[in-house]
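Working notes for the structure below.
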Amino acid sequence: MSYIERVIEQTKLKDKDQTVFIQAVEEVLHSIAPIFEKHPEYEKMAVLERLIEPERVISFRVPWTDDHGQVHVNRGYRVQYNGVLGPYKGGIRFHPSVNLSIMKFLGFEQCFKNALTTLPIGGAKGGSDFDPKGKSEGEILRFCQSFMTELYRHIGENVDVPAGDMGVGAREIGYLYGQYRRIVGASERGVLTGKGVVYGGSLVRKQATGYGLVYFLEEMLKANHIDPTGYSVIVSGSGNVAIYAAEKCFAKGMKVIAMSDSKGYIVDENLDLEVVKHIKEVERTSLEKYVEYAGHGEYYTGSVYDGEVCAKIVLPCATQNEINLERAQRLIDRGVVAIAEGANMPNSNEAIALYLENHILYAPGKAANAGGVATSALEMTQNSMRLAWSAEEVDSKLQDIMKAIHAQCLQAMREYDLPSYNYVAGANLAGASKVIEAMVLQGEY
Ligand code: NDP
C-alpha cells in the first residue's frame, strides 16, 4: 500500500464518523501524490500525518439567553489547523449543521487556500451549531458576545485572526469585535477581519470572494481561449458570496439566469439582483418573495440542480456537497462549459472525477474562492499600517492575487506534467507544496 493510501486508511479508522473531513482528505491527498514520489524522505518525517492532524482543536460551551429569558447552550469550535505560514486565519460559521467534521474539513482546505494567496497566513476555521435564522437582533448580539467571551483567549492579531463565513457577516463581526475589545481593554483591530469600514474594515472585503471567483473564472476561460460574453450563468446560493459573484458576472457581460437559497430557487431571464439583495441583505428572508417583488421570473422549491434550467457557466456558492454525481452528469448533458466553486467543496469527489473525465473546466474552491481570505489578509495589512486603501487599490490587488493563484495552478500542472484542465491537482499541488516546505524548514518534529 502506498504512503498516501496508508494515511487515508488510518484517517478513515481514526475519524470514522467525520465523513466530510475524510472526503476533503481524500480529495487533496490523491492529487498530491507526485510530491511524495519526488520526496520519498517525507514518509519518514510523517509529513502527511502532520498535514492532516490539526495543531489544535478547541471546543467550548456557548450559553446565551433568548428574548423570553430561556437559557440555551450551543457548542463553539476553533480549529487551528496549521500555522507554519503565518497567524491562523479562517472564517467562523454559524449554522445548525456545524460539527467537528465540518470544522476540520474547512480548516484543512483553508491551509492550502491560504498558501495559494501568496500572503503570510496559516489555516483555521471556527463556528457554532447556533442557527441565526429567526433570531432577534438582541439574541444575535448576546450569542456573539458569549461566543467571544470564550474565543478571545485563543486569538490575537499575531496568533489567530477569524473572519466571517456562513451566518456570520459584518453585523456579527461587529458584535464579536465589540466584545473582544471590551474584554482585552485595547483596540486591536487586526484580530478580526470583515469589520465595518468605519472601524478598520477594508473596502471591497464584502464583495471580495464573489468578485475574486469571477476574476479566477475569467483567467481560466482566457487560458482556454473562451470569451464568456453573453454566456448564461447559474449561481447557487444567494448569500454573501453568491450575490457578489452574480454582480461581477453581470458587470463582465455574462447573464445570471438563476439563483437559489436553502428552500428553493428563482429562474429569470431578466434577473433583478437588487431585488435579491433586498430580500437577503435587508429583509433576511426567503427567495419565495422574489417574483412578487420583481414582477417577473419564476420560483421553484428544491435544488436548482434538479430543475430544468441550464447554463454554460455554473457557480456553486451555497454550501458543501450540493452537486453529486447525478447532478454533475445533468450539467454536462446540458452543455456546461465551466464550473467554478464559490462555496467550499460544493461538488462531491465523484462529481469532480466526472468533470475531469469529460475535460470540463472545473475550478476548485481553494483556488477560486480565495479572494475573500486574500482580502482579509489585505485588511490585516491595512490595520497594521494604520491606514486605509481606496476601493480601486484593494480591487486591483485582489485581481492581481487571483491572477497569481491561477498562474500557480498552471505552473503546477506544467511542473507535474498534468493536462491543462486539471485545476484540482494544480491547486492542491501548488498549495500543499508550500505548506509542506515551510513545515520541513521549520523542523516541526
Ligand atoms: P451566507 O450565509 O451568506 O449564504 C449562504 C447561502 O447558501 C444562503 O443563500 C443559504 O440559503 C444557502 N444555503 C445554505 N444551505 C443550503 C443548502 N443546504 N442548500 C442550498 N442552499 C443553501 O454564506 P456565504 O455566502 O458567506 O458562504 C457560502 C459558501 O462560500 C460557504 O461554503 C462558505 O464556506 C464559502 N466561502 C465564503 C467566504 C466568504 O468570504 N463569505 C469565503 C470563501 C468561501 P438561506 O438564505 O436560505 O439560508
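Bear in mind these aren't lab numbers, they're just calculated from the coordinates by the rules spelled out. In this text the structure is predicted, and so the values were computed from the model without any measurement. Here the Cβ positions follow ideal geometry from the backbone for every residue, glycine too, while neighbour counts run over all protein chains shown.
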Revision key, fill the gap. Ranked on Cβ counts within 10 Å of their own Cβ, fewest leading, Thr193, Thr381 go Thr381, Thr193
Review point. What do you get when you divide the Cα radius of gyration of the chain by 2.2 N^0.38 Å, with N the number of residues?
Key: 0.94
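Calculate, for Ala391 and Met45, the FRET efficiency according to 1/(1 + (r/R0)^6) with r their C-beta to C-beta distance and R0 35 Å; round to the nearest 0.05.
Numbers: r = 45 Å, r/R0 = 1.28.
Efficiency at R0 = 35 Å is approximately 0.20.
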Check your understanding: For the pair Thr285 and His68, what calculated FRET efficiency results from E = 1/(1 + (r/R0)^6), where r is the Cβ-Cβ distance and R0 = 25 Å, to the nearest 0.05?
Key -> 0.65
Point to revise | the range 26-97: GluC sites (Glu not before Pro) falling in loop per DSSP and having at most 13 other Cβ within 10 Å | key: none
Check your understanding: So what's the Cα pair-distance distribution over the range 322-393, bin width 10 Å, in %?
Key -> 18, 38, 18, 16, 10, 0
Review point. Using 1/(1 + (r/R0)^6) with R0 = 22 angstrom and r between the beta carbons of Glu150 and Asp17, what's the FRET efficiency to the nearest 0.05?
Key: 0.35
Exercise for review: Go through the range 276-319 and name the GluC sites (Glu not before Pro) that are in a DSSP coil and have 11 or fewer other Cβ atoms within 10 Å of their Cβ.
Suggested key: Glu283, Glu308
Practice item. At 0.36 nm per residue, minus the direct Cα-Cα distance, what do Val159 and Ser97 gain on full extension? Give it in nm, one decimal, please. Key: 19.6 nm
Exercise for review: Please get the size of the charge dipole for the chain, origin at its Cα centre, with Cβ charges of +1 on Lys and Arg and -1 on Asp and Glu, quoted in debye to the nearest 20.
Suggested key: 1080 debye
**Study point:** Choice from Lys289, Lys397, Lys14 with maximal GNM fluctuation in the chain (Cα, 10 Å cutoff)
**Key:** Lys14
**Study point:** In nm, spacing of pseudo-spin labels at Glu269 and Phe250 (7 Å Cα→C-beta vector)
**Key:** 1.8 nm
Review point. If you project the alpha carbons of the range 20-109 onto the principal axes, what extent comes out on each, in Å, largest first?
Key: 62, 24, 18
Check your understanding: Which value in deg cm²/dmol, rounded to the nearest 500, describes the helix-derived mean residue ellipticity at 222 nm for the chain, given -39,500 (n - 2.57) per DSSP H run of n ≥ 4 and division by the residue count?
Key -> -14500 deg cm²/dmol
**Study point:** Viscosity 0.692 mPa s, 37 °C: Kirkwood-radius Stokes-Einstein D of the range 269-311 over Cα pairs, µm²/s
**Key:** 293 µm²/s
Practice item. Report the antiparallel proportion of the DSSP beta bridges in the chain as a percent, rounded to a multiple of 5. Key: 50 percent
**Study point:** Kirkwood-type radius of the range 59-178, with distances r between different C-alpha atoms, in Å
**Key:** 14.4 Å
